[in-house]
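Novice: Structure in structure tokens, see below.
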Amino acid sequence: MTTHASHLDQLNLYGEIFHSRLLLGTSRYPSPSVLLQAIERSKPAMLTASLRRQTGGGGEASQSFWNLLRQANVPVLPNTAGCHSIQEAITTAEMAREVFETDWIKLELIGDDYTLQPDTLKLPEAADRLIKAGFKVLPYTTDDLVLCQRLVDVGCQAVMPWAAPIGTGKGSINPYALRTLRERLDIPLIVDAGLGLPSHACQVMEWGYDAVLLNTAVALAQDPVRMAGAFTDAVSAGRDAYCAGAMQSQDSVQPSTPVLGTPFWHQA
Amino acid sequence: MSDCPLQILINQMPYTLPQGASLADAVAVAGVQPPFAAAVNLQFVPRVQYDQYTLANHDKIELISPITGG
């Protein structure tokens, strides 16, 4: 759990310590080279990856990406993107565990193809079965408090609510819900999806979120490498601000310069 | 009847294999490059079981490999 003024302020997920609070997606970059540079610039805690059928060319694209992951030397967070049923998600997770040799899984269970909204009714059961199968589950979810609580109840030691639907870049469309989640849940929270600007990331970190997961906002920037750096700095700034403890906003003005000793006081 | 070849799907493409063929045989026919993982009829099959896993008619095999993801 996050605490103010922690002198050991590192991301702790399922008992593992990470030295970054930014998780980075690997899709939609202009080239593998740009992706690699963005990784080097942001030094993310984890890189998300997926599994798909090999297409033409004997799996060259897959092999190239595999080599890039090994070169990057960053922990991999496989996802279950595109899965619509619990069994699809579980089977995909098991396949990912064998290929990537990791128990981490970003659980995506899509309930609506148009909005890519998670299937909130199936998500707890899927998470429950994966956790019982030994996975460290990071579920992609909406910002619904009760749903997130149910995910915690089945053993999720972190949850990943969206800020907005995947790829929209809108930033938090429901600040009240995200802030309520932070107040109510005593586990690491990672905002996944919907962030478009570094200021969006900084904002949720200021609210006490533990990390952010980004992809499109970096990959589709005109200069993805520079944007990766901007997000890295924003995440760090937001975290520092949260740990520093912000002042309370107020309606009445308070002069910052002392009034006592003001020259020419009422002489005009 | 038992000598009839197997009609199977690998990544939704139709293949014909001899009766008694294993998942390892299907993987060889598909020609996928490692790394990959396999599932038959939506059930994961660990790599160490490919040789022993005997296929049945109309089995649906998925062979999937790493790719970028968000």
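Any read-out appearing in this document is the output of simple, stated calculations on the displayed coordinates, not a laboratory observation. Please read these numbers as outputs of a predicted model, since none were measured by experiment. Glycine also receives a Cβ, built like all others from the backbone with ideal geometry; neighbour counts cover every protein chain displayed.
Novice: Could you tally the net charge around A:P124, taking each other residue with its Cβ under 12 Å from the Cβ of A:P124, Lys/Arg +1 and Asp/Glu -1?
Specialist: Within the 12 Å Cβ shell, the charges total -2.
Novice: Sequence-distant or interchain residues sharing an amide H contact under 5 Å with A:L13, placed H: which?
Specialist: Under 5 Å from the amide H of A:L13: A:F18.
Novice: Sum up the charges of everything whose Cβ sits under 15 Å from the Cβ of B:N41, counting Lys and Arg as +1 and Asp and Glu as -1, but leave B:N41 out. Spell out each step's value before the answer.
Specialist: Values: positive: B:K60; negative: A:E88, A:E94, B:D59, B:E62.
Cβ neighbours under 15 Å give a net charge of -3.
Novice: If you count, for every residue in B:30-36, the Cβ atoms of partner chains within 10 Å of its Cβ, what is the mean? Write out the running numbers ahead of the final one.
Specialist: Working: counts 2, 3, 5, 8, 5, 9, 8.
Mean inter-chain Cβ contacts per residue within 10 Å come to 6.
Novice: Going out from 0 in 5 Å bins, what whole percent of all Cα-Cα distances in region B:6-64 drops into each bin?
Specialist: 4, 21, 38, 28, 9, 1
Novice: Count charges around A:T141 for me, please; just the other residues with Cβ under 12 Å from its Cβ, Lys/Arg as +1, Asp/Glu as -1. Spell out each step's value before the answer.
Specialist: Working: positive: A:K106, A:K122, A:R150; negative: A:E108, A:D119, A:D143, A:D144, A:D192.
Cβ neighbours under 12 Å give a net charge of -2.
Novice: Using θ = phi - 60° and the Karplus form 6.51 cos²θ - 1.76 cosθ + 1.60, what ³J(HN,Hα) does each residue of region A:215-230 get, whole Hz, x for Gly and Pro?
Specialist: 8, 4, 4, 8, 5, 9, 5, 4, 10, x, 5, 5, 5, 4, x, 4
Novice: Work out how much length A:Q254 to A:Y176 would gain on full extension: take 0.36 nm times their residue separation and subtract the Cα-Cα distance, in nm to one decimal. The partial results should precede the final answer.
Specialist: On the way: separation 78, 0.36 × 78 = 28.08 nm, distance 2.75 nm.
That works out to 25.3 nm of additional length.
Novice: Hey, what angle do you get for helix A:123-132 against the long axis of chain A, alpha-carbon based, 0 to 90 degrees rounded to 10?
Specialist: The answer is roughly 70 degrees.
Novice: On average, how many beta carbons from a partner chain sit within 10 Å of the beta carbon of a residue in A:137-144?
Specialist: Average neighbour count from other chains, rounded to a whole number: 0.
Novice: Across peptide A:86-94, how many C-beta atoms of other chains are within 10 Å of each residue C-beta, on average? Intermediate values should be presented prior to the final figure.
Specialist: On the way: counts 0, 2, 2, 0, 3, 10, 6, 1, 6.
Averaged over the peptide's residues, the number is 3.
Novice: Show me the ranking of peptides A:110-119, A:196-205, A:210-219 by mean Cβ neighbours inside 10 Å, starting with the highest.
Specialist: Working: A:110-119: 15.0, A:196-205: 22.6, A:210-219: 25.4.
So the order, starting with the most tightly packed, is A:210-219, A:196-205, A:110-119.
Novice: Now for a different question. Extending each Cα 7 Å along its Cβ direction at B:T54 and A:E60, get the distance between those two points in nm, one decimal.
Specialist: Result for the modelled spin labels: 4.1 nm.
Novice: Taking 1 over the mean of 1/r across every pair of different Cα atoms in chain A, what Kirkwood radius in Å do you get?
Specialist: Numbers: mean 1/r = 0.0510 Å⁻¹.
With all distinct Cα pairs of chain A included, I get 19.6 Å.
Novice: Then there is this: Can you give the angle from 0 to 90° between the axis of helix A:32-42 and the longest principal axis of chain A, with both taken from C-alpha atoms, to the nearest 10?
Specialist: Its long axis makes an angle of about 40 degrees.
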